[in-house]
Amino acid sequence: MDEVTEVCVVGTALNPVPTREKLNSLYWEKELSLSEVGKMYNRCPTTIRNWLKKQGIKTRPFNGRTSSLTRFDKNKWTKEGVYWRPKNCSAFYYILGVLKGDGSVSIFTRNNGRKTYRIRLDVRDKKFCLSFMDGLNKIGLRVPKLLRRKKRGSIKPQYMVQLENMRLALWYKSLQLDTIHEEINKKPIYKKEFIRGFYESEGTLVRRKSDGHLRLGMNNCDEDLIILVAKLLESLGFHPTITKYDNKRLGHNSWYNVRLHRQNEIKRFLSIIKPCIRNKIKGEDG
């Protein structure tokens, strides 16, 4: 139960009022909406707004979660008729991390001439898909359902999250990596969520048989993206290294790996990033 400093009576119901620190944490640090805070205490948004006012906590302006990442020039989208502002909460950066990894955003024209704007995550990990769905819900999108299917020749099933959203697709295609970096740096939680999404997409966690040491890394063909992830890790106190692998002789593009070597840092990474998959170390308790 949350700490209570006073009890106010409305009609015949007792309404516990959380402390100023608790309200400030929920509303500003975790960036929950008035409705989300209200659900936690079984109160309407108006009541929560009154609590904030009484505690001297400023409220955000309408749609106040927006940042430069989610701010659009109406004239820019006149041709497509698009003007969209996703909620700028921590889940927003988790979604970005996933889309930069295993997720995909594609825009194509069907045979009937209809243009399609598709967002998809197609992986084997059910937990990962459910986490991605939850993130989409938090930024204001609704996914119809989780799809389960089997590929030819594959024993394990595949899970897929898919939705069509013109606004999200066009917004994502317009993003620049520098802009993403600038916004992620504003709060540590944004860094953690972006890294969590990218690690769940591209991460590996193995124990070497030769010496028993853990190896944690993330792979991608985009060098600038890997450099960005390394910088974010460094800002959180880690010491990553980047390695380039050249596969031109096999007909593939080069790819890059950002890796943590220090054993204590790997365990700390799993502790503070809290990935839903690739988080178990064989031989460890729990």
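Listing for the model above:
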read-out: Hits in segment 97-117 - residues which are assigned to a helix (DSSP H, G or I) and free of Cβ contacts under 8 Å to residues at least 12 places away in the same chain; value: none
read-out: In segment 118-157, the residues that are in a strand (DSSP E or B) and modelled with pLDDT of 90 or more; value: Arg118, Ile119, Arg120, Leu121, Asp122, Val123
read-out: Count - residues of segment 122-172 that are closer than 24 Å to Thr204 by Cβ and buried (at least 16 other Cβ atoms within 10 Å of the Cβ); value: 12
read-out: All positions within segment 85-136 that are among the aromatic types (Phe, Trp, Tyr) and within 27 Å of Lys187 (Cα to Cα); value: Phe92, Tyr93, Tyr94, Phe128, Phe132
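The values are calculated or read from the model by the stated rules, or taken from the named source; none is laboratory data. Since the structure is predicted, the reported quantities are computational estimates derived from the model, not experimental observations. Ideal geometry is used to build each Cβ from the backbone, glycine not excepted, and the neighbour counts take in all protein chains shown.
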